[in-house]
Amino acid sequence: MPSKIGEGGGVLEFARAGAAVGATSATSEKARILGTYFRALDDDDLRRAAVFMSGRAFGPSQRRTLGLGWAVTSKVVESISGRDPDELQAIFRKHSDIGDWAGEALEGRTQPEPVSLAEVETTLEGIRTARGGAKAAPLERLLRRLHPEAARFVVKVISGEMRIGLSEGLVEAAIAEAFGLPVTQVKRVHLITGDIGETAVRCKRGQLDTTSVTLFQPVRFMLASPVETAAEAFERMGADKVWTEEKYDGVRCQLHHAEGRVELFSRDLKETTGAFPELAESAPNLGHAVLFDGEVLAHRDGKVLRFFELQHRLGRKKVTAELRREVPVVLVIFDLLHLDGRSLLDEPLETRRRLLEGLGVEHPFLLARLEEATSPDDLDRIFADTRERGHEGLMVKDPMSPYTPGRRGLAWLKLKRPLATLDVVVTAVEWGHGKRKGVLSDYTFAVKDTKTGRLVNVGKAYSGLTDAEIADMTKRFLSITLEDRGWARVVKPEVVLEVAFDSIQHSKRHASGYALRFPRIVRIRDDKPVEEIDTLERVEELYELYFGGKTEADLSEVAET
Ligand code: AMP
């Protein structure tokens with residue numbers, strides 16, 4: 001039975017808890033308020049409330065998206081409110097938040113009645129499954145029954161942003177508070193489940209085992225910390241023997257298989273089975289229940305194709321036979337987290353790899369190329385060879401380490417070095433988001449095409465400057481704006497930057513035909529006149545040098561490991 005208002009599981013209580021969280025800026029107080037609220041809920045409502053409080057309509061493990069944009073939501077609110085556009089605009093300007101706007105716009109315009117979180121969930125599911133214009137009706141029916149404060153929060157959930165100063169970390173802290181657990185324990189459970197609702201319920205029930213994985217529930221990926229030099233890698237790992245693998249430039253993928261059922265998940269734990277049918281079709285041949293962690297690469301005739309080509313395969317629900325032929329994919333496996341009912345998270349990498357090798361996987365499955373290094377010199381040599389083979393860098397792993405989901409620790413390191421730096425000029429800037437709100441923080445930059453004398457864009461950088469520098473740059477860009485496009489500004493090309501980057505790709509997005517990948521600002525080159533910035537020829541030269549001559553990165557040795 002869905003609980004109603006008064007039993008804690010109503011949407012109005014949810015909204016009031018949310019408003020109370022928003023009313024205080026002290027994080028400990030936010031966690032306390034939310035913890036008290038969570039404690040009063042039964043399992044089902046707790047799951048819903050934790051998910052909704054994180055600004056999501058559905059828990060990640062449900063793998064659903066609402067597919068409801070601002071346009072439909074605001075039309076529905078407008079129509080229920082019956083207010084004229086000027087008034088609605090004035091309300092919006094006051095809040096700049098669609099939820100807060102909806103709350104005020106609907107004041108006195110709805111017929112509030114008790115509505116449970118379960119009913120909200122059912123409506124959201126109804127919206128999700130409705131197509132196009134049909135999404136409006138269920139939303140309208142719900143909003144008409146809500147207290148404006150409840151409507152305010154339902155619209156916040158729908159828009160995907162609560163804006164009450166509540167990070168996922170704080171929801172974790174609230175769960176800890178609610179059930180008297182150390183927050184580290186809640187975090188560990190969350191890392192395994194990857195779903196805040198499931199985490200809340202497990203914590204409430206005291207199911208705190210974090211050493212096992214459940215097949216078909218995606219596990220957060222283990223991540224690596226960056227290092228710049230081989231010596232630093234050894235030092236940080238504190239081991240006298242390290243393992244190396246190529247850093248493959250594809251997309252991260254988790255494959256779950258048991259008894260013919262196969263599911264794949266991307267780095268953000270979205271299901272991607274439909275995009276890679278060759279992997280889904282071949283997995284049952286493995287003859288084992290497994291959970292693999294690896295990287296999907298486009299791969300034809302024994303060679304890796306560029307990331308650019310793999311991009312054609314991404315984000316698809318279905319893949320045509322033609323595309324499968326043109327851009328076939330493989331999974332390069334580097335970890336095994338589950339084997340035939342046995343969870344391997346706590347086993348050392350050494351054991352996981354041995355078990356993986358014992359599976360005798362065949363195409364389209366390959367094993368990551370593994371080498372052992374016992375000194376920084378060794379590591380440097382392997383790094384150089386890797387570059388030679390066309391890979392962007394090297395992963396360095398501690399063979400004794402367990403698999404720690406979601407963690408960017410020191411057991412996995414990535415050794416990457418900037419390919420080169422270029423001096424470029426900023427041509428356009430954008431307003432930042434989140435903690436960069438209110439400052440111009442995203443810079444599109446160009447090099448000079450000497451043939452035409454024009455500036456051609458080659459990338460966009462977000463990182464590398466301090467907050468103070470960004471604040472300074474904001475003032476400067478405001479004063480040299482040529483055209484204000486609202487979210488972006490075209491600026492006079494006079495700010496020269498030195499940017500470092502890891503690789504170059506062909507790109508249709510930029511006029512230069514190239515895009516620098518992972519560019520970061522090394523420094524502002526006020527000493528350098530625009531006339532002396534780098535040229536398109538230089539970009540072409542670097543591209544040829546590192547990526548052009550060899551049209552395809554060599555992966556041939558992978559299969560032999
Ligand atoms: P970054 O995206 O720079 O943080 O690097 C981490 C990513 O490298 C992972 O998420 C993987 O997608 C990718 N990767 C490529 N090769 C490996 C490997 N051998 N082991 C682990 N991760 C890898």
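Numbers below:
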{"read-out": "Segments classed as strands (runs of 3 or more DSSP E), wholly inside region 503-546, with at least 2 members that are within 16 Å of the ligand (Cβ to nearest atom)", "value": "503-506, 514-517"}
{"read-out": "Sole residue being in a helix (DSSP H, G or I) and open to solvent by less than 30 Å² (accessible area, probe 1.4 Å), chosen from VAL72, VAL76", "value": "VAL76"}
{"read-out": "Conditions (1) of a type in the set (Gly, Ala, Ser); (2) in contact with a Leu (Cβ under 8 Å, 6 or more places away or on another chain); (3) away from the ligand (no atom under 12 Å from the Cβ); (4) at positive phi; number of the one not met by GLY406", "value": "(3)"}
{"read-out": "Of the criteria (1) of a type in the set (Val, Ile, Thr); (2) at pLDDT 90 or above; (3) surrounded by fewer than 18 Cβ atoms within 10 Å (Cβ to Cβ), which one ILE175 fails", "value": "(3)"}
{"read-out": "Residues that are in a loop (DSSP other than H, G, I, E, B) and either under 15 Å from PHE14 (Cβ atoms) or without any contact (Cβ under 8 Å) to a residue 60 or more places away in the chain (or both), drawn from region 96-118", "value": "SER96, LEU106, GLU107, GLY108, ARG109, THR110, GLN111, PRO112, GLU113, PRO114, VAL115"}
{"read-out": "Subset tally (residues that are closer than 23 Å to LYS187 by Cβ and either of a type in the set (Gly, Ala, Ser) or open to solvent by less than 20 Å² (accessible area, probe 1.4 Å) (or both)) for region 158-169", "value": "6"}
{"read-out": "Residue check for ALA17: out of contact with any helix residue (DSSP H, G or I) (no Cβ under 9 Å at 6 or more places or on another chain) and either open to solvent by 70 Å² or more (accessible area, probe 1.4 Å) or in a helix (DSSP H, G or I) (or both)", "value": "no"}
{"read-out": "Which numbered condition SER463 fails, given (1) loosely packed, with under 14 Cβ neighbours inside 10 Å; (2) more than 24 Å from the chain's Cα centre (by Cα); (3) within 13 Å of LEU497 (Cβ to Cβ)", "value": "(2)"}
{"read-out": "Complete set of residues in region 21-56 that are more than 21 Å from LYS204 (Cβ to Cβ) and among the aliphatic types (A, V, I, L, M)", "value": "ALA23, ALA26"}
{"read-out": "Filtered residue count, region 409-438, keeping only those that are of a type in the set (A, V, I, L, M), modelled with pLDDT of 85 or more and more than 16 Å from the ligand (Cβ to nearest atom)", "value": "6"}
{"read-out": "Selection within region 394-428 - open to solvent by less than 10 Å² (accessible area, probe 1.4 Å) and within 29 Å of LYS448 (Cα to Cα)", "value": "LEU422, VAL424, VAL425, VAL426"}
{"read-out": "Output for region 368-385, where each listed residue is in a helix (DSSP H, G or I), open to solvent by 10 Å² or more (accessible area, probe 1.4 Å) and under 16 Å from MET237 (Cα atoms)", "value": "PRO376, ASP377, ASP378, ASP380"}
{"read-out": "Where THR129 falls short, out of the listed (1) under 33 Å from the mean Cα position of the chain (by Cα); (2) at pLDDT 95 or above; (3) open to solvent by 70 Å² or more (accessible area, probe 1.4 Å)", "value": "(2)"}
{"read-out": "Pair list, Cβ under 7 Å, 6 or more apart: region 276-298 residue aliphatic (A, V, I, L, M), other residue part of a helix (DSSP H, G or I)", "value": "ALA280/THR273; LEU297/LEU310; ALA298/GLU309; ALA298/LEU310; ALA298/ARG313"}
{"read-out": "Cβ pairs under 6 Å, 6+ apart, first in region 327-346 and within 18 Å of CYS253 (Cβ to Cβ), second more than 16 Å from the ligand (Cβ to nearest atom) and among the basic types (Lys, Arg)", "value": "PRO328/ARG300"}
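The values are calculated or read from the model by the stated rules, or taken from the named source; none is laboratory data. This is a predicted model, so every value here is computed, not measured. Glycine also receives a Cβ, built like all others from the backbone with ideal geometry; neighbour counts cover every protein chain displayed. Side chains included, ligands, DNA and RNA excluded: accessible areas come from the protein's heavy atoms. Shrake-Rupley method; radii C 1.70, N 1.55, O 1.52, S 1.80 Å.
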